[in-house]
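Below is one structure; the comments refer to it alone.
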Amino acid sequence: FISIDCGAEEDYLDRNTGITYKTDKDFISTGKNTVVAPAYYLTIPYFGNMVNSLRTFPEGKRNCYTLKPRQGKNQNYYVRAFFYYGNYDSKNQAQKFDLYIGVNYWETVDVRQQTYYSIIHYSVTDTIYVCLVNTGSGVPFINGLDLRFMNDSPYRSMNGSLLPRVHADLGGNPTQSSSTIRYTDDVYDRIWWLGNLNDAVSISTETNIDIQGSDNPCRLPVEVLRTAVQPRNGLNSLSFNHTLLHIENFTPEFLVYFHFAEIEQIAPGKLREFTITLNGLKYGPFTLEYLKPLTKGPYKLQVQEDQVGFSIDATLRSDLPPILNAFEIFELGPLPDSPTNQAD
């Protein structure tokens, strides 16, 4: 892990997240440290204290953090940048600027409240640069920067990056204080948001689920797999539609992962069998084993409309409705520009 509290004055262990944060003095030499206005101080456990300090870059068009993970090049990394304006300059103005990974555009940061942007990046260089670019719409700033090594995970694209659009943990209790799951429960430190589907009800178990075996290649936390949704009584289908931000003359590609675990003991002779229909393409049928994870995907989509939609449907011979524990949607981000050849 590389975990940077941008703007912090000293290294510390955040007791809310269990993450040890470093100051950013060894990663960048430009910019100024400051803190959010006292009236805007945040106490969100899954963000920790990191969002309340920041580094601003009033000078220079492009300012870059230099990350040198010890695993080096030709590896997969999960990189995440946190932003929270918090009226640090007492101007109460929204800021807008561009975020780059190396020489390639990542996202446009448009900050009105706390937010973060994630990317799964296959690095062909030993050094990863995260750059803030002034586009004339406000002073760039950043509150936190994470890098996580993803070793042999199935989240990869050799010719581009993966931009996480949805990490949905289904069936949990949104009233619990621990309703958002991340490290230490998740070894990759993904941030899982509680979700639900239309016409669905929650089910859960306290029984242990084997997450160590090869049946769990995406290394989902047991807390995510212990909850699920199934259709309301009498229904045999779960459905979801994700509306996309449409970009002119651009047909985005997506990867979709579905995560299942049977958490109900099924009576002998009964069958839970279902298919997945994703943007009109049908997969399956699938069955589940009790307390064993099953990940289906990645399914690759080219989306010409503005939606990613799926339904999970019981087969005609199924005795039970379908379930779904979690799902993830990633957009494939092109990397059109190549960094300098390391051999040059």
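Just for the stretch 311-331: of the residues that are within 14 Å of Asn236 (Cα to Cα) and not aliphatic (A, V, I, L, M), which one is most open to solvent (accessible area, probe 1.4 Å)?
First pass over the stretch 311-331, keeping only residues within 14 Å of Asn236 (Cα to Cα): 311-324.
Going one step further and asking which of them are not aliphatic (A, V, I, L, M), we end up with 311, 313, 315, 317-319, 321-322.
On the way: Ser311: 27, Asp313: 38, Thr315: 30, Arg317: 159, Ser318: 22, Asp319: 80, Pro321: 28, Pro322: 0 Å².
Residue satisfying both the conditions and the ranking: Arg317.
Conditions (1) in contact with an Asp or Glu (Cβ under 8 Å, 6 or more places away or on another chain); (2) at pLDDT 90 or above; (3) under 22 Å from Gln71 (Cα atoms), marked per residue:
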residue	(1), (2), (3)
Tyr105	yes, yes, no
Val130	no, yes, yes
Leu163	yes, yes, yes
Pro174	no, no, no
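How many of the residues in the stretch 132-160 are under 29 Å from Asp11 (Cα atoms), of a type in the set (S, T, N, Q) and at pLDDT 95 or above?
Residues flagged as under 29 Å from Asp11 (Cα atoms), of a type in the set (S, T, N, Q) and at pLDDT 95 or above within the stretch 132-160 amount to 2.
Take the conditions part of a loop (DSSP other than H, G, I, E, B) and surrounded by fewer than 20 Cβ atoms within 10 Å (Cβ to Cβ) and apply them to Asn151. Does it pass?
Values: part of a loop (DSSP other than H, G, I, E, B): yes; surrounded by fewer than 20 Cβ atoms within 10 Å (Cβ to Cβ): yes.
The answer is yes for Asn151.
Are any residues in the stretch 206-224 in contact (Cβ under 8 Å) with a residue 60 or more places away in the chain and either within 15 Å of Tyr183 (Cα to Cα) or open to solvent by less than 20 Å² (accessible area, probe 1.4 Å) (or both), and if so, which ones?
Ile209, Asn216, Cys218, Arg219, Leu220, Val224
Under 8 Å between Cβ atoms, which residue pairs at least 6 apart in sequence (or on different chains) link something in the stretch 63-74 that is in contact (Cβ under 8 Å) with a residue 40 or more places away in the chain with a partner that is among the polar types (S, T, N, Q) and outside any strand (DSSP E or B)?
Going by the 8 Å Cβ cut-off, the qualifying pairs are Asn63/Thr30; Thr66/Thr127; Leu67/Thr127; Lys68/Thr127; Gln71/Asn151; Lys73/Thr125; Lys73/Gln342.
Would you say Asn92 is assigned to a strand (DSSP E or B), farther than 28 Å from Asp185 by Cβ and either without any contact (Cβ under 8 Å) to a residue 24 or more places away in the chain or open to solvent by less than 20 Å² (accessible area, probe 1.4 Å) (or both)?
Numbers: assigned to a strand (DSSP E or B): no; farther than 28 Å from Asp185 by Cβ: yes; either without any contact (Cβ under 8 Å) to a residue 24 or more places away in the chain or open to solvent by less than 20 Å² (accessible area, probe 1.4 Å) (or both): yes.
No; evaluated as a whole, the condition is false for this residue.
Residue under question is Thr275, and the condition is that it be among the β-branched types (Val, Ile, Thr) and farther than 23 Å from Arg226 by Cβ; does it hold?
So Thr275 fits the description; yes.
One line per residue, one yes/no per condition, for (1) open to solvent by less than 70 Å² (accessible area, probe 1.4 Å); (2) more than 28 Å from Asp210 (Cα to Cα); (3) in contact (Cβ under 8 Å) with a residue 60 or more places away in the chain; (4) not aromatic (Phe, Trp, Tyr):
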{"site": "Asn241", "(1), (2), (3), (4)": "no, yes, yes, yes"}
{"site": "Tyr257", "(1), (2), (3), (4)": "yes, no, yes, no"}
{"site": "Glu262", "(1), (2), (3), (4)": "yes, no, yes, yes"}
{"site": "Arg272", "(1), (2), (3), (4)": "yes, no, no, yes"}
{"site": "Asn279", "(1), (2), (3), (4)": "yes, yes, no, yes"}
{"site": "Glu289", "(1), (2), (3), (4)": "no, no, no, yes"}
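With the condition kept exactly as written, say whether any residue in the stretch 54-77 is among the charged types (D, E, K, R) and closer than 21 Å to Ile191 by Cα. It would help to see each step written out before you state the result.
So in the stretch 54-77, the residues among the charged types (D, E, K, R) come out as 55, 59, 61-62, 68, 70, 73.
Filter once more, so that each one left must be closer than 21 Å to Ile191 by Cα: none.
Checked the stretch 54-77: no residue is among the charged types (D, E, K, R) and closer than 21 Å to Ile191 by Cα.
The values are calculated or read from the model by the stated rules, or taken from the named source; none is laboratory data. The shown structure was predicted, so the numbers you read here are calculated from the model rather than taken from an experiment. We place every Cβ from the backbone using ideal geometry, glycine too, and count neighbours over all the protein chains shown. The area values use the complete protein model at the heavy-atom level, side chains included, leaving out ligands, DNA and RNA. Shrake-Rupley method; radii C 1.70, N 1.55, O 1.52, S 1.80 Å.
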